[in-house]
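The values are calculated or read from the model by the stated rules, or taken from the named source; none is laboratory data. Here the structure is a predicted model, which is why all the values come from computation and not from measurement. Every residue, glycine among them, receives a Cβ derived from its backbone with ideal geometry; neighbour counts consider all protein chains shown. Please note that ligands, DNA and RNA were not included when accessible areas were found on the heavy atoms of the full protein model with its side chains. Shrake-Rupley method; radii C 1.70, N 1.55, O 1.52, S 1.80 Å.
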Amino acid sequence: MNQEIEAYINELSANLQGLPEDERQETEEFYREYLLDGKLYSRSSIEQKLGTSQQLARKILADYSLNLDEPPTHPINHQRSQSDLRAVWWIILGILEMPVGIPILSALLGIIVATISVICALIIGFWGLIFALAGIGLTIVVKAIPLLWTQWQVGLFYTGCGLVALALVALIVPMLIHLIRIVIDASFQLIRRLGHKVFKNQYYQTANKEKHQQ
């Protein structure tokens, strides 16, 4: 076995730790056969054809993410959010390794900036409302409690108003978290579509892609 090929495949494998074990082994075997069949025995010829092992790994991970089945009916939970963010990172790195034009890079940057801006706006807006309601609610409750011993009807009314304000805080916090997750999920879908647009015209195979085509 050619040492340069094995060294390249070993480096590629080290950069593909994010893939499931079976996918990684199939991908290694695919590229080993590809290099042997193409008689690409030197590091320079290999990298001229495929790029460095890190560049190729990023393209493979991006391609793998784009070929995963989307789970539109699954609830947005912590595990799915982590999986989506990891896939987005792979797709971004894969796109950056492709010879794409300025419009594609501008679109990618625009999605990222827009996502961060919307999340920041949601956090600033909602947290201002949360602190305001919490402050008002606590203030009303603290001032209303002494009235329960002197004018209990008035004290009871204001205590109820303060508790309503605090209850609204308890409702707004999970709403804010849900909205942030929706924004992140929508951004993931946009980056996924952008990735499909970039990769669809590239003649570039992975073991994962081969399997999906069978």
- Message: Condition (residue is of a type in the set (Ser, Thr, Tyr), open to solvent by 70 Å² or more (accessible area, probe 1.4 Å) and either touching a Cys at 6+ places or on another chain (Cβ under 6 Å) or not in a helix (DSSP H, G or I) (or both)) applied to the range 149-170: is it met by at least one residue?
- Response: yes
- Query: Restricting the range 1-57 to residues that are assigned to a loop (DSSP other than H, G, I, E, B) and closer than 23 Å to Asn67 by Cβ, which is most open to solvent (accessible area, probe 1.4 Å)?
  - Reply: Gln17
- Message: One residue is enough: does the range 3-23 have a residue meeting the conditions closer than 25 Å to Val88 by Cβ, among the hydrophobic types (A, V, I, L, M, F, W, C) and without any contact (Cβ under 8 Å) to a residue 40 or more places away in the chain?
- Response: yes
- Exactly one of (1) under 20 Å from the mean Cα position of the chain (by Cα); (2) closer than 30 Å to Leu56 by Cβ; (3) free of Cβ contacts under 8 Å to residues at least 24 places away in the same chain is unmet by Pro103. Its number? (1)
